[in-house]
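Colleague: The structure that follows is given in the form of structure tokens.
A short reminder: the numbers here are calculations on the coordinates, not readings from a lab. Note that this is a predicted model, so its numbers are computed, not measured. Here the Cβ positions follow ideal geometry from the backbone for every residue, glycine too, while neighbour counts run over all protein chains shown.
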Amino acid sequence: ETGVTQSPTHLIKTRGQQVTLRCSSQSGHNTVSWYQQALGQGPQFIFQYYREEENGRGNFPPRFSGLQFPNYSSELNVNALELDDSALYLCASSSPTEPSGYTFGSGTRLTIV
Amino acid sequence: EDKVVQSPLSLVVHEGDTVTLNCSYEVTNFRSLLWYKQEKKAPTFLFMLTSSGIEKKSGRLSSILDKKELFSILNITATQTGDSAIYLCVHFTGSARQLTFGSGTQLTVLP
């Protein structure tokens, strides 16, 4: 299967709840990165996973956590949701041999009410 | 902290116009500058620029990098309504494989 698949496409949660977003990486890509894109802004780097280990983290609090599985798919977990967490969450997969080869998924639109 | 700044933030033109989108950057360890087009959700790759002065071209789109002045431009000639999108300028750090995005330029092309 080619391309990056994210689920769900849309989600509405209330403050204080927890959420898990999922990402299947493109075939052959072993690195997965997560980005948060607030309305009218560029995506902000959350963290990256390589071979099931966190391999870099942006300026996000610990309530943002993740996992990568042996098949290179990944999850983003956010605890204690806040209104400011409302955003488009993008997953991108890449391979170390392709410096420009980031493939983005279509994202999960998360709305916190 | 690495910084990528794009201008203008938004632009409205008519079909057939030529547009120039600007990107300046301040980064500690330059590797590459990338341009992406984001129409609905998933950004799609346009160009990767590593060397100064070498123009990358794809159809009506072209881009160039100036590493001395720390900026890049993206040109679109003979714009079409399908060019309406957010254009993102991105620094690729290489070693940490992180992408630092600018805030994007929202381009609207009117018929």
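Colleague: For B:Glu1 and B:Gln80, what does the FRET efficiency come to when R0 = 41 Å and r is the distance between their Cβ atoms, rounded to the nearest 0.05?
Modeller: The calculated FRET efficiency here is 0.65.
Colleague: Can I ask one more? Please compute, for peptide B:98-111, the average count of beta-carbon atoms on other protein chains lying within 10 Å of each residue's beta-carbon.
Modeller: Average neighbour count from other chains, rounded to a whole number: 3.
Colleague: On to the next question. Determine which residues of region A:51-78 fall in the zone a paramagnetic label at A:His10 would reach in this model, i.e. backbone nitrogen under 11 Å from the point 7 Å along Cα→Cβ.
Modeller: none
Colleague: Then there's this: What lysines sit close enough to B:Lys37 to cross-link, taking a C-alpha to C-alpha distance under 26 Å and skipping anything fewer than 8 places away on the same chain?
Modeller: B:Lys3, B:Lys56, B:Lys57, B:Lys67, B:Lys68
Colleague: What list do you get for B:Cys23, A:Cys91 if you sort them by fewest beta carbons within 10 Å?
Modeller: In increasing order of surrounding Cβ atoms, one gets B:Cys23, A:Cys91.
Colleague: For each of A:Val32, A:Val4, count neighbouring Cβ atoms within 10 Å of the residue's Cβ, then give the residues from fewest to most.
Modeller: Listed from fewest to most nearby Cβ atoms, that is A:Val4, A:Val32.
Colleague: Assuming R0 = 41 Å, can you tell me the calculated FRET efficiency for the pair A:Glu53 and B:Arg60, based on Cβ-Cβ distance, to the nearest 0.05?
Modeller: 0.45
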